[in-house]
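**Student:** So that we are looking at the same thing, I have put the structure below in structure tokens.
The values are calculated or read from the model by the stated rules, or taken from the named source; none is laboratory data. Source: prediction; values computed, not measured. All Cβ positions, even for glycine, are placed from backbone atoms using ideal geometry, and neighbour counts span all protein chains on display. Quick note on the areas: whole protein, heavy atoms, side chains included, nothing else; ligands and nucleic acids left out. Shrake-Rupley method; radii C 1.70, N 1.55, O 1.52, S 1.80 Å.
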Amino acid sequence: MLRYVIRRMLLLIPVVLSVMIILFTILYFTPGDPARIALGQEATPETIEAFRAEHGLDDPFFVQLGRYLYKAVFHGDLGYSYAMKSPVSMELASRVPVTMKLAFWAVTFSTLVGIPLGVICAIRQYSLLDSITTLVTLLGVSMPTFWTGLLFILAFSVHLGWLPSMGFDSASQMVLPIITLSGSAVALFARITRSSMLEVIRSDYIRTARAKGQKESIVIMRHALPNAMIPILTIISMQFGMLLGGSIVTEAIFSISGVGRLMLEAINMRDYPIIQGGVLFISIAFCFVNLAADILYAFVDPRIHVK
């Protein structure tokens, strides 16, 4: 297992380098002058030229790319924010914990709600509860995050006054952002769990367990659910990475100072170093979450560990 983890960690290196090169190339050729945007429209040509020379923006493409990769890989320097007037790594360090906390609680909430719903729907297939859950999950998958967030703010903050509409410091401030971000994930987990469980509970070994007189709860929890977890773990790991990226909208709606809101502000101001740093953080986090999911496979399914 240790050799497998080390091999997967080494494979992350070309993936991360590829992301850095592709992202830098796209932003380099994107229309817009970062120097003029940072200094404003009233800046003189001399001031703009001095800014470009100071930040190396007048160097050829391959010189800028090589300098960016060298500083990022060997010094952990992701550049200097033109708009924030501070290092990118410092800006990300203050925002990453907030985004990670938001994504973690959103995935936890989605898992605790979505998987039990899917199991119940599989056990009671075609019942009234199954029909209602299927309808609700379809609505959850269909509704965009920004619209769900605005509806929650209107209902629970403006009209009822139960929960605050912005911030992420206290427990009451965390409720609406977590539910908003996890809405589609709950629906997806429930649907995947339902279909996976339906496939497993029709297997021969499940009928054998029931024929031996096992309690239905033991058949479901000990025999069926662990064997249905492989596709569910895959979806959970993918959703964690997608929620990190999807937090941009949620953080903007609820005024949360995370990586997503920082990237949204950076996109509006053409602050390319911040955009590169934010996307790089999401990519690395996505890779590590998938690695963790692959390791969990071995514990859920012993056949993978043996192979």
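**Student:** Quote the accessible area belonging to M229 in square angstrom, nearest 10, computed with a 1.4 Å probe and with ligands, DNA and RNA left uncounted.
**Tutor:** Accessible area, nearest 10 Å²: 40 Å².
**Student:** Can you work out the FRET efficiency for the pair S203 and M143, with r the C-beta to C-beta distance and R0 = 35 Å, to the nearest 0.05? It would help to have the intermediate numbers written out before the result.
**Tutor:** Details: r = 35 Å, r/R0 = 0.99.
Working from the Cβ atoms, E equals 0.50.
**Student:** Which of Q125, P231, M242 sits farthest toward the positive end of the charge dipole of the chain, with +1 on the Cβ of Lys and Arg and -1 on the Cβ of Asp and Glu?
**Tutor:** Projecting each Cα onto the dipole axis, the largest value belongs to Q125.
**Student:** Right, next: About its Cα centre, how strong a charge dipole does the chain have in debye, to the nearest 20, once Lys and Arg get +1 and Asp and Glu get -1 at the Cβ?
**Tutor:** Details: 23 positive and 19 negative charges, 358 e Å.
Dipole of the chain, to the nearest 20 debye: 1720 debye.
**Student:** For the chain, what is one quarter of the convex hull surface built on the Cα atoms, given in nm²? Could you put the intermediate results ahead of the total?
**Tutor:** Values: hull surface 82.7 nm².
The orientation-averaged projected area of the Cα hull of the chain comes to 20.7 nm².
**Student:** Taking the Cα atoms only, what angle lies between the long axis of helix 259-268 and the longest principal axis of the chain, rounded to 10 degrees?
**Tutor:** 40 degrees
**Student:** What dipole magnitude, in Debye to the nearest 20, does the range 128-237 give about its Cα centre under +1 on Lys/Arg Cβ and -1 on Asp/Glu Cβ?
**Tutor:** Details: 8 positive and 5 negative charges, 107 e Å.
Result for the range 128-237 is approximately 520 debye, rounded to the nearest 20.
**Student:** I would also like to ask the following. If I compute solvent accessible area with a 1.4 Å probe over the protein chains, what percent of it on the chain is carbon and sulfur?
**Tutor:** Working: 11450 of 16700 Å².
Within the chain, the accessible surface is 69 percent carbon and sulfur.
**Student:** At a Förster radius of 41 Å, what calculated FRET efficiency corresponds to the Cβ-Cβ distance of Q64 and Y297, to the nearest 0.05? Don't skip to the answer; put the middle values down first.
**Tutor:** Working: r = 41 Å, r/R0 = 0.99.
After rounding to 0.05, the efficiency reads 0.50.
**Student:** May I pose another question? For I274, what is the net charge nearby, where nearby means another residue's Cβ is under 9 Å from its Cβ and Lys, Arg count +1, Asp, Glu -1?
**Tutor:** Details: positive: none; negative: E91, E265, D271.
Value of the local net charge: -3.
**Student:** OK, next. Residue by residue, what Karplus-based ³J(HN,Hα) values in Hz, rounded to whole numbers, does the range 15-27 have, using 6.51, -1.76 and 1.60 with θ = phi - 60° and x for Gly and Pro?
**Tutor:** Running phi through 6.51 cos²θ - 1.76 cosθ + 1.60 with θ = phi - 60° gives 5, 5, 4, 4, 4, 5, 5, 4, 5, 4, 5, 4, 5 Hz.
**Student:** Quick one: 3J(HN,Hα) in Hz for the range 208-214, Karplus 6.51/-1.76/1.60 with θ = phi - 60°, rounded, Gly and Pro as x.
**Tutor:** Karplus-based 3J(HN,Hα) across the range 208-214 equals 5, 4, 5, 5, 6, x, 5 Hz.
**Student:** Right, another one. Can you give the FRET efficiency for L129 and V5, using 1/(1 + (r/R0)^6), R0 = 51 Å, r = Cβ-Cβ distance, to the nearest 0.05? Don't skip to the end; give the middle numbers.
**Tutor:** On the way: r = 41 Å, r/R0 = 0.81.
It comes out at approximately 0.80.
**Student:** For P45, what charge total do you get from the other residues with a beta carbon under 11 Å from its beta carbon, if Lys and Arg give +1 and Asp and Glu give -1? Kindly include the intermediate steps, with their values, before the conclusion.
**Tutor:** Working: positive: R36, R52; negative: E46, E49.
With Lys, Arg at +1 and Asp, Glu at -1, the neighbours total 0.
**Student:** Roughly how many Å² is the accessible area per residue of the chain, as a whole number, for a 1.4 Å probe? Walk me through the numbers on the way to the answer.
**Tutor:** Values: 16700 Å² over 307 residues.
Counting only protein heavy atoms, the per-residue value for the chain is 54 Å².
**Student:** A follow-up question, please. Report the net charge of residues surrounding V219, where surrounding means a beta-carbon distance below 10 angstrom and charges are Lys +1, Arg +1, Asp -1, Glu -1.
**Tutor:** Values: positive: R207, R210, K212, K215, R222; negative: E216.
In short, +4.
**Student:** Also, I was wondering about something else. Under the rule of at least 5 residues apart or a separate chain, name every residue whose amide H is placed under 5 Å from the amide H of S81.
**Tutor:** Counting only residues 5 or more places away or on other chains, the set is S86, V88.
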